[in-house]
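Here is the structure we will look at, set down as structure tokens.
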Protein chains: 2
Amino acid sequence: MSTAEHPRRADAVRNRHLALKATKTLLAQPGTTITVEAIARQAGLGAATIVRAFGTKDALIDAAVADLLEPLIQRAHQAAAEPDPAAALRRFLLELIDFQAVHWIVSEQLTRLPVPLTSARRAELRKALVDLLHRAREAGGIRTDIDPDVTTVMLGEAAYAIARSSDASPDLAASFVTVMMDGLHPRS
Amino acid sequence: MSTAEHPRRADAVRNRHLALKATKTLLAQPGTTITVEAIARQAGLGAATIVRAFGTKDALIDAAVADLLEPLIQRAHQAAAEPDPAAALRRFLLELIDFQAVHWIVSEQLTRLPVPLTSARRAELRKALVDLLHRAREAGGIRTDIDPDVTTVMLGEAAYAIARSSDASPDLAASFVTVMMDGLHPRS
């Protein structure tokens, strides 16, 4: 039995991987309606295989979005380790807005679904940003009279609003990050 | 005929006024489902009278939200006339966030409706904020290297995001306005 099971387990891992990759590709195409059929077509798998691998389309989307957040969390950790964490924070905010600009439609849809994996990753991302702010404070790069937790909410909410703005101009994200970082600069 | 018409016209004006007032009261109660029946009950009028006065519930909500924006527009105009327009801008932003914190659920619902009156008032509010920013620049109260139109979009989008944040703490709005205003301060 066990020799027959192994190839099947390897197939299941491969199918999960292909389904996740296909979902992430579709998530990066704004305006795409994500259906099991569209994912199956993109992955080169059958719809039944997709359902067998993930149970529901929502569970698959949850896993895919959680995967997408992983590199952002890594970037926030890397930024905290840089010698000038305030400069790294500025770059991180621009990356965050770029990411949200591509993915905000998905985020809106997720508010109506149970997304345990995505929620856990969002909490990690928030914690990584709080850590980055603490590091930037310690390094003298940002002001110390505003609580890092409050600053994290402020940056997260405002960056998301800027990213999804229907009035987005090439200047908007850059101006926003400039005003925020100058506003966070230590007071003389 | 004309003597019989006049009281009827006066009634129509009064009913429109009562229906608008009732709708504004309901809009200020977050979580209320606004139905013609609820408006009629609040106004002390019959549902048929409400429909006769406004045509549709959506038209009535549009008129009510447009009315609610009027005092904000006036405040922005007053702020632009103050001797320290940057300080007036700070106060205006706090008022704007207070207003949005009460009314953001309505704003979300309006995105799916045609709201010509509200759209026109929003354009007026935006114009008043652009004027206020120009005045603050001229008075030396804010930096001149960021376009007032871009700044208006940035402030409007970010303030709205802060106002509707599920993580709103007593500090959040105050910290946001402090960071924004310090970030907009003229560079030395």
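At a glance:
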{"item": "Contour minus Cα-Cα distance for A:ARG9 and A:HIS134 (0.36 nm per residue)", "result": "40.6 nm"}
{"item": "Under 14 Å from the A:LYS24 label point (7 Å along Cα→beta-carbon), backbone N, the stretch A:46-79", "result": "A:61-75"}
{"item": "Size of electric dipole in the protein assembly as shown: Cβ of Lys, Arg +1 and of Asp, Glu -1, about Cα centre, debye, nearest 20", "result": "980"}
{"item": "The stretch A:58-188, relative contact order [Cα under 8 Å, separation at least 6], %", "result": "34"}
{"item": "Counted charge near B:ARG187, where neighbours are those whose Cβ lies closer than 10 Å (Asp, Glu -1; Lys, Arg +1)", "result": "-1"}
{"item": "Buried accessible area, chains B and A (both chains, 1.4 Å probe, Å² to nearest 100)", "result": "2100"}
{"item": "Semi-axis lengths, Å, the stretch B:1-55, gyration tensor of Cα atoms, sqrt of 5 times eigenvalues", "result": "26, 10, 7"}
{"item": "Structure-based [θ]222 nm, chain A - -39500 (n - 2.57) summed over DSSP H runs of at least 4, per residue, nearest 500", "result": "-26500 deg cm²/dmol"}
{"item": "Within the stretch A:52-188: Cβ-based charge dipole about Cα centre, in debye rounded to nearest 20 (Lys, Arg +1; Asp, Glu -1)", "result": "240"}
{"item": "Cα principal axis extents for chain A, largest first, Å", "result": "71, 40, 24"}
{"item": "Exposure of B:SER175 as accessible area (Å², to 10), given a probe of 1.4 Å and all protein chains", "result": "20"}
{"item": "Shortest-first distances to equivalent copies, position B:VAL13, nm, label 7 Å out along Cβ", "result": "8.0"}
{"item": "Position B:GLY31, label points 7 Å along Cα→Cβ, spacing to each other copy in nm (shortest first, one decimal)", "result": "4.0"}
{"item": "Computed FRET value (nearest 0.05) for A:GLN74 with A:VAL102, which takes r as the C-beta separation and R₀ as 22 Å", "result": "0.80"}
{"item": "Nearest-10 value in Å² for the accessible area of B:THR111, using the 1.4 Å probe", "result": "110"}
{"item": "Surface accessible to a 1.4 Å probe, per residue, for the residues of the protein assembly as shown, Å²", "result": "50"}
{"item": "Accessible surface of A:LYS127 - all protein chains present, 1.4 Å probe, nearest 10 Å²", "result": "130"}
{"item": "Inter-copy separations for A:ARG91, label at 7 Å along Cα-Cβ, nm, ascending", "result": "4.3"}
{"item": "Largest-first principal axis extents, alpha carbons of the protein assembly as shown, Å", "result": "98, 58, 32"}
{"item": "Estimated translational D of the stretch B:30-139 in µm²/s (Stokes, Kirkwood radius over Cα pairs; 4 °C; 1.567 mPa s)", "result": "83"}
{"item": "Surface share of carbon and sulfur [accessible, 1.4 angstrom probe, percent] for the protein assembly as shown", "result": "55"}
{"item": "Crossing angle, helix A:148-163 versus chain A [Cα axis fit, 0-90 degrees, rounded to tens]", "result": "70"}
{"item": "Rough spin-label spacing in nm, given labels placed 7 Å along Cα→Cβ, for B:ALA47 and A:ALA123", "result": "4.5"}
{"item": "Calculated FRET efficiency for the pair B:GLU95/B:SER166, C-beta based, R₀ 22 Å, to 0.05", "result": "0.50"}
{"item": "Phi to ³J(HN,Hα) by Karplus 6.51 cos²θ - 1.76 cosθ + 1.60 over the stretch A:58-73, Hz, x for Gly, Pro", "result": "4, 5, 5, 5, 4, 5, 5, 5, 4, 4, 5, 6, 3, x, 5, 4"}
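The values are calculated or read from the model by the stated rules, or taken from the named source; none is laboratory data. Just so we're clear, the structure is a prediction, and the values are computed from it rather than from any experiment. Here the Cβ is made from the backbone with ideal geometry for all residues, glycine too, and neighbour counts use every protein chain on show. To get the accessible areas, we keep the full protein, side chains included, count just its heavy atoms, and leave off ligands, DNA and RNA. Shrake-Rupley method; radii C 1.70, N 1.55, O 1.52, S 1.80 Å.
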